[in-house]
Structures are given as C-alpha cells and as structure tokens.
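Enquirer: So that we are looking at the same thing, I have put the structure below in structure tokens.
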Amino acid sequence: MAIDYQYSNKPDSLSSNELLFRIRKSLLDAFITTLLALAVFGPIVGLELDGYDFQLQLKSLVSILGVIFTGRLVASLFFQTSQGEKLLEKFSRKDTSIRVQPLNQKAANGYWIIALFMLAGLMVPFLASKYWITVIILGMIYVLLGLGLNIVVGLAGLLDLGFVAFYAIGAYGLALGHEYLGLGFWSMLPLAALLAALSGALLGFPVLRMHGDYLAIVTLGFGEIIRLVLNNWTQFTGGPNGVSAPAPTLFGLEFKRRVKEGTPFHEYFGLSYDSAYKFIFIYLILFALVWAVLYINHRLTKMPVGRAWEALREDEIACRSLGLNHVLVKLSAFMTGAAVGGIAGVFFATYQGFVNPTSFTFFESALILAIVVLGGLGSTKGVVIAAFVLTVMPEVLRDFSEYRILMFGLLMVLMMIWRPRGLVRMTRSSFQPPQTVRQAMEGVR
Amino acid sequence: MTSSSDAILTIKGLNMQFGGIKALENIDFQVPRGSITALIGPNGAGKTTVFNCLTGFYRATSGKIELNAHKTKTSVTSVLGESFKASDLWQPVRFGRRLYYKLFGGSHQVNRAGLARTFQNIRLFKEMTALENLLVAQHMQLNRSFLAGIINTRSFQKSEENALNKAWYWLEQLDLINEGNQLAGQLPYGKQRRLEIARALCTNPELLCLDEPAAGLNPQETAELAKTLNTLRSEHKLTILLIEHDMGMVMKISSQIVVLDHGLVIARGSPDQIKNDPAVISAYLGTEEETGVPEHEPALA
Ligand SMILES: Nc1ncnc2c1ncn2[C@@H]1O[C@H](COP(=O)(O)OP(=O)(O)O)[C@@H](O)[C@H]1O
Ligand SMILES: [Mg+2]
C-alpha cells in the first residue's frame, strides 16, 4: 500500500503546508491507481466485440474509473487521519498465528453452537425453496472437497493441484458403476471412496518421495490426465457427452415420477409428485455425512496419524529421525483426502443426475485449493466457512457473475495481505499434567 | 579400547564422498555401551557428516555401520535399501529382505533400531506444543488404528494416556514441565535444545546422538546439560555420542573422545590422552603455535 507512515505519530494539528502535501500525495496515489485500473479494465470493459469488429465502450469505462479514482482518493485521505491509521493498524496486524487453548478454558458452549447449527441445517430443506436447497447441497459438496483437500494440503502440507481427479473418480464411479454394473447410489458410496483412495495410493506411492514443487506438478498432471481420459475414451465414458447418474433411493423407493417396477417414493407415501423430494433426500444424507466427516476430522487431529501429518508438514527430516516412515504417513494423508474427495464426487453426480468432463477442470482444483487457503490451512471451521463463501456467494451475486473470477482473485489478494494464515486462527489443544507433575510444578514455583 | 563385543555402535572403513569432495575417509571407531563418547574436531571436519551417515540420512559411499541395540544387530547400510545383486536370485530370503527395505527402508528404520538423534540446527515441530512434539516421537509405540481412534475405544484412550504420561515424565526430567503446553517454536533457545533431547528420548533409544547440544547455551545451562547427560547415562542406561565444541564439558563428561580433522580420525582415546596428543593440539591450534609440536601435520590434509 502506498501510504506514507512518517507522520503517524504527529499530533492532529497540522500546518497548512503539511495538509497541502498530504492532499497532493493522495491525489497522486489516486491517479496512479486509476492508471493501473485503466490498464486492467480498459481491454475488459472498454472494448466490446461486435463480430470481427469492436466498439469502444467509453461510458462504462469512464464510470468505473471515476468510481475507482474517488474511492482511492477518499481512502487515501481517510487513512491519513488518526482514525484511519488506527483502523489500518488493526487490519495489518499479522498476529493471526497459532494459539494454544488455555487449560481451564474448555469449549463449554461449543456444544450449544453445534446443536444450533444442526437444528438449523435440518430445518432448511423443509423451509427453503428447491433452488436454495440445491445451492446449499453444492455448498456442502464443496465443504466435503475442502475437508478432503485440507487433510492433504492443510494438515500434511502436500501441495496437491490435481485434487479434482479424485472428485471425478467418485462422480464417474457412480455413473459408470450404474451404467455397467448396475450398482446404485448406496453401494457406490463406499466403493467410490475406496476407488478414489486406491487411485490416490497408486499415484502417491511413487510420487510422494518427491518434494513440494515436483509433487504439485505431478498432481496437476494427474488431474489433467484423468479429465482427458474421461473426455477421449468415448466408448467407455461417453466422452464429452457424459453419462447419466442415478439418484439415491430410500430403502429401494425411487424419487422418479414413474418407475419401471415397484412404486415410486411419492406414491408409497401417498404424496403428489414433487421433484424437490429428491433434493431434500440428498440434502439430508449429505448433511449427515458432512457432520460425520467433520467429526472424523476432529478425531484425526487428536490421533497419532493426524499428529504425524502435522509433524510432517512442520519438518520431514525430524519426522524421519523419530522413526516415522514419511512415505507411508504422506500416503495415508493422500488416501484419506482422496476418499473424501471421491465421496463428494458421488454426491455431485447424483445431485446433477449426469456427469461430463467439463465439471472436472483445473479451475475446480484451484477453487478447492482456494477454499482450503482461505479457510486457514488446517482449520476445519475455516474450511466450512470458506466453502460456503466461495460457492454460495456467486449464487447470491448472480448479477455480477461475469466478474466472478476477478472477485475471486481480488479476495485472494486481500487475504494474502491481511489474513495470510486464513480466516480462522488455529487453536492447539492443551493437556492437563498428571497429579505427580502438578505437585512438582508447585514445588518449582 | 573396548572389545567389540560390548560396543553399541561399530563404524568400520566409513567413506563419504560428495561429488569429488571426500568428506570422510576411512573412519573407524566404536562406541562402547554405556559410555559417553565425544566426537570433536574443527569446523568442517566432517562430524555432522558422520552423524548423517550413521543415522541413515546420507548413504555412505562405502563402509560398515553396525548398531547393536534392542538385542539385535542392525546394519545401517542394508536398512537404507541396498541395490539388488545377481546372487539374490537363488537366495529368496535375502532378496525378500532387500525388497522390503527398498520399499519401506530409510532413516526411520535406524531410529526404530534404537538410535535417536538431535540436529545441529534445531528441528522442532515449531507450530505444535512441546507436549505434542513428544507425542509425535512416540508414534510407533501407540495405538495407530484408524477405527479405534475415531470411535475412541478404551484401548485407544489408554494408549494416549500412557503417551501423555511418558511425555510429561521426560519434560520433567529435562526441566521443562512449565513449558508443556507452549508452542515449541516460541520457547527460548536453551529450552528448545532440551526439548529436542526430550523428544529424541521419547523414541526409547539405547544410543543417543547429540549434535552440538551446548551450542548457544550459557555456561550455567551448559553445566546443567552436562549433569543431565550424566544422569541419562547412569540412571537410564543410555549410551551417548555427542559432537561438541565446548572442551571443558567434553573433557569433564566423556569417557572416550574421537578427534576428526579433514574427514580423518586423527586420534581417539580417553580425555587425558587426547589433551596431550600432539596431532590434536596442532589440528586445533595450528602448527605455528609454540607447543613444541613437530610440523608433520600436512600429511593429514
Ligand atoms: N550434503 C552435502 N553436500 C556436499 N558437501 C557436504 C554435504 N554435507 C557436508 N558436506 C561437506 O562435508 C564437510 C564436512 O561438513 P560437516 O560434517 O558439516 O562438518 P562439521 O564437522 O562442522 O559438522 C564440509 O566440507 C562440507 O562442505
Ligand atoms: Mg556440524
């Protein structure tokens, strides 16, 4: 930020000379910002393609630049007042580091909050419209994806740029398993998780001996390979046309209007047909599963394997010197994350009723990674919040959908400046010393 | 010299080459069980390289390193995974073992065989608490079952409780009980050094290798460290091999000293022998010193 701090401890009364200087400086700031904005927005907003020709759209460009100029000017002037400086200082504090939970302060009201969220979540499908149910289902699918990748990137510190591959394996697992083996949603759910975990192991075992950047490149390649195979193996996967995927069933009852054999769900319960039933059902299963994965995640961080993941992120050499087989530890993280990604894929396929390769591009991997980074590497709470922010927000701001990626980039830049460690601050658990040690501690003091 | 029968560590003809540079040449020495052995020498002599070879972080160019702990003899070079030989074809057992170590071998196997080490530049898990550092070190001794952990079974709880007790025990031994719930990276330097030792001890080693444990400590802390090391040896039946520059401490606590210079062992023996060894004096002080040492040292370089 181009703000001058050298006057920060001067009293409020300024000489007119200084005031003039500040205003000039602010004007200069605003001018530079506007020039930069011109470079960015000029080609995007200012030129409109018209066949092989283009037209200048000066009006919208000038209005955007005007907003930016005044915005920057006002911000510059404001940040030079004492209030502005205080605000700036509050935001630029990088002290978002890890905190150890104080011994006597246990999360007492944590259960209430969880119960409240559970209740609210259970009520949503019966109150909200079908559209909102589908939006929240998508949000929860991304929560699952975020939690899966969080294990790999956040906990174990392995940069995986091809996470979408496991998502695709889950989704296509359901669709193809139904198509060729006649397997339904419920049998494919564990099978897809297993399949994704196995492919994670297959990729991981040779690759996990590599370090940081190499791993990122290889996983990136893996993600693309899976997508290209799905796209080009037309006889098996249907190629770009995709495959249809089955909806879940409730004890064999289907959610279709008419079924070949047996009775559909609405007839069995004597209800009139509503296409929302299917989504309500998916919502409820997914809701339960998200909580289950959250619980497992919570347990994992308190288990030897979870601690080993985090230790590996901190220092691989130290881990090896302590008898941990770093390849197996990484592999377990990779496989667990992949399994969660596979489950998310199954839900995605059943929710869409149809899969094709366009849903599994690199952009998805980047989005999932952004969820993990935004949430704060390793923080479960943060991942849940970030997943909803990044998937539900674009739905709310439909009118701005053209600027989605721009906003996305902007959000990431702001995050890196103000909250480089993620939205939610990590808390480490503390342990009560045993009685004998406590006595010794008192003796010391 | 002690007889080889009760040596916990035997190094024979160890060579280590980095490209064209010979970092270690024909290193031979033994660490007697229950001793405190010091490895000393000027900077760049190759001491850390010796440590890295015998803990399996470097693959020695040639030579034998044998660890005799936990009632078994372990060859460090084979644990790291050797290349296959034609003779493996008709020796399936040896082939199987080679294959196993190729797939799952590595420096972690050395630690499991009973050797724990610390590092010259402290390597703690900085963003974890001191206690968690010690819990990670006990990984191999714990109930690692996925299912048991998620369901939080009785046996899992028991295993975690034991781990915590052991962690607190070593924290107490190294005078760190008030730091258990603090982040390792935020501890003062001296405490970080002690925590690293405590962490190494949590892996149940028989041989503890310390790389410059007193570096950066003040004289009082150094004296306490010397006392701790003596206690570890006498009460916990540990053998200690340490690299150290603080001669006062080395002379006081070690029963055997090995002197390294330019990748060669130039002397070994008791502190008294080393103190008066002309080769050692010249290596440390340079040949121009008026110590009456004849100038025959260039041959060592
Ligand atoms: N990984 C490496 N690659 C190349 N040279 C190395 C490596 N490790 C150590 N060396 C060389 O080996 C020599 C001994 O280093 P070291 O064992 O660290 O000495 P010290 O006795 O001070 O611990 C040095 O000359 C160093 O340059
Ligand atoms: Mg060294």
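The values are calculated or read from the model by the stated rules, or taken from the named source; none is laboratory data. Quantities reported herein were computed from a predicted structural model and do not represent experimental measurements. No Cβ is skipped: glycine too gets one built from the backbone with ideal geometry, and neighbour counts run over all protein chains shown. Ligands, DNA and RNA are excluded from the accessible area calculation, which covers all protein heavy atoms including side chains. Shrake-Rupley method; radii C 1.70, N 1.55, O 1.52, S 1.80 Å.
Enquirer: Can you list residues whose amide H is under 5 Å from B:LEU260's amide H, if they're 5+ apart or on another chain and H is modeled 1.01 Å from N?
Expert: For B:LEU260, the qualifying residues are B:ILE40, B:GLY41, B:ILE266.
Enquirer: While we're on this one: Need one number: % antiparallel among DSSP beta bridges in the protein assembly as shown, to the nearest 5.
Expert: Restricted to the protein assembly as shown, the bridges split so that about 60 percent are antiparallel.
Enquirer: Assign one of three labels to chain B, namely rounded, prolate or oblate, based on the Cα gyration tensor with a ≥ b ≥ c the square roots of its eigenvalues; rounded applies when a/c is under 1.5, prolate when it is not and a/b is larger than b/c, and oblate otherwise.
Expert: The shape class here is oblate.
Enquirer: Please list, in order along the stretch A:326-334, the HN-Hα scalar couplings obtained from phi with the Karplus expression 6.51 cos²θ - 1.76 cosθ + 1.60 (θ = phi - 60°), rounded to whole Hz, x for Gly and Pro.
Expert: Once rounded to whole Hz, the list reads 5, 5, 5, 5, 5, 4, 5, 5, 4.
Enquirer: Then there's this: How do the peptides A:305-312, A:67-74, A:142-149 rank, highest first, by the average count of neighbouring beta carbon atoms within 10 Å per residue?
Expert: A:142-149, A:305-312, A:67-74
Enquirer: Taking 56 Å as R0, compute the FRET efficiency from the Cβ-Cβ separation of A:ILE23 and B:MET251 and round it to 0.05.
Expert: According to the calculation, E is roughly 0.20.
Enquirer: Could you work out how far apart the two model spin labels at B:PHE18 and B:TRP90 are, taking each label as a point 7 Å from the Cα in the direction of the beta carbon, and quote it in nm?
Expert: Simple spin-label model gives 4.4 nm for this pair.
Enquirer: Taking the radius of gyration and the Kirkwood hydrodynamic radius from Cα positions alone, what is the Rg/Rh ratio for chain A, to two decimal places?
Expert: Result for chain A is an Rg/Rh of 1.04.
Enquirer: Can you check what the net charge comes to around B:ASN43, using other residues whose Cβ is under 15 Å from the Cβ of B:ASN43 (Lys, Arg +1; Asp, Glu -1)?
Expert: -4
Enquirer: Between B:GLN220 and A:SER15, what is the label-point separation in nm under the 7 Å Cα-to-beta-carbon projection?
Expert: Reported label-point gap for A:SER15 and B:GLN220 is 5.3 nm.
Enquirer: Within chain B, what percent of beta bridges assigned by DSSP are antiparallel, to the nearest 5?
Expert: 60 percent
Enquirer: Right, here's the next one. Take each of the peptides B:104-117, A:167-180, average the number of other beta-carbon atoms within 10 Å over its residues, and list them starting from the highest.
Expert: So the order, starting with the most tightly packed, is A:167-180, B:104-117.
Enquirer: Between helix A:380-396 and chain A, what is the angle of the helix's C-alpha long axis to the longest principal axis, kept within 0 to 90° and rounded to the nearest 10?
Expert: 90 degrees
Enquirer: Additional query: For the protein assembly as shown, what size does the Cα cloud have along each of its three principal axes, sorted from largest down, in whole Å?
Expert: On the principal axes, the protein assembly as shown reaches 99, 85, 62 Å in Cα extent.
Enquirer: Here's something else I'd like to know. Could you work out, for the stretch B:19-104, what percent of all Cα-Cα pairs fall into each 5 Å distance bin, beginning at 0 Å and stopping at the bin that holds the largest distance?
Expert: 3, 11, 18, 21, 18, 13, 9, 4, 2, 0
Enquirer: Report the net charge of residues surrounding A:PHE205, where surrounding means a beta-carbon distance below 14 angstrom and charges are Lys +1, Arg +1, Asp -1, Glu -1.
Expert: So the environment of A:PHE205 carries a net charge of +3.
Enquirer: What does the structure give for B:98-105 when I average, per residue, the other chain Cβ atoms found within 10 Å of the residue Cβ?
Expert: Mean shielding by partner chains, rounded to a whole number: 1.
Enquirer: Can you compute the modelled spin-label distance between A:ALA366 and B:GLN120, with each label point 7 Å from Cα toward Cβ, in nm?
Expert: 4.3 nm
Enquirer: Now a separate question. What residues have an amide H closer than 5 Å to that of B:ALA23, excluding those fewer than 5 places away on the same chain, when H is modeled at 1.01 Å from N in the peptide plane?
Expert: The answer is B:MET16, B:GLN17, B:PHE18.
Enquirer: Tell me, what ³J(HN,Hα) does each residue in the stretch A:165-174 have, in order and in whole Hz, if you take phi through Karplus 6.51 cos²θ - 1.76 cosθ + 1.60 with θ = phi - 60° and put x for Gly and Pro?
Expert: Values per residue, Gly and Pro as x: 4, 6, 4, 5, 4, x, 5, 5, x, 5 Hz.
Enquirer: Kindly express, to the nearest 10 degrees and within the range 0 to 90, the angle between helix A:435-444's C-alpha long axis and the longest C-alpha principal axis of chain A.
Expert: 10 degrees
Enquirer: For A:LEU183, which sequence-distant residues (separation of 5 or more, or a different chain) have an amide H within less than 5 Å of its own amide H, given hydrogens modelled in the peptide plane?
Expert: Under 5 Å from the amide H of A:LEU183 lie the amide H atoms of A:HIS178, each far enough along the sequence or on another chain.
Enquirer: While we're looking at this one, here's another question. Calculate, for B:SER234 and A:SER187, the FRET efficiency according to 1/(1 + (r/R0)^6) with r their C-beta to C-beta distance and R0 51 Å; round to the nearest 0.05.
Expert: That pair, B:SER234 with A:SER187, gives E of 0.20.
Enquirer: Per-residue mean of other chain beta-carbon atoms within 10 angstrom of the beta-carbon, peptide B:185-191?
Expert: 1
Enquirer: When DSSP assigns beta bridges and you keep just the ones with both residues in the stretch B:111-247, what percent turn out antiparallel, to the nearest 5?
Expert: 10 percent
Enquirer: Continuing with the same structure: Could you do me a favour and compute the accessible area per residue for the protein assembly as shown, 1.4 Å probe, result in Å²?
Expert: 49 Å²
Enquirer: At q = 0.16, 0.17, 0.26 Å⁻¹, what is the log10 ratio I(q)/I(0) for the stretch A:23-84, with the Debye formula run over Cα points and no solvent?
Expert: -0.56, -0.61, -0.99
Enquirer: Let me ask something additional. Among B:194-205, B:42-53, how do they line up by average Cβ neighbours within 10 Å per residue, starting with the highest?
Expert: With the highest mean Cβ count within 10 Å placed first, the list reads B:194-205, B:42-53.
Enquirer: Net charge within 15 Å of A:VAL355 by Cβ-Cβ distance, Lys/Arg positive one each and Asp/Glu negative one each, not counting A:VAL355 itself?
Expert: In short, -1.
Enquirer: From the phi of every residue in the stretch B:264-275, what ³J(HN,Hα) in whole Hz does the Karplus formula 6.51 cos²θ - 1.76 cosθ + 1.60 yield, where θ is phi - 60° and glycine or proline is x?
Expert: Once rounded to whole Hz, the list reads 10, 7, 9, 6, 8, x, 6, x, 5, 4, 5, 3.
Enquirer: Per-residue Cβ counts within 10 Å, from other chains only, averaged over B:22-35: what number is that?
Expert: Taking all residues of B:22-35 together, the mean is 0.
Enquirer: How high is the FRET efficiency between B:SER62 and B:GLU161 when r is their beta carbon distance and R₀ equals 51 Å, given to the nearest 0.05?
Expert: About 0.65, to the nearest 0.05.
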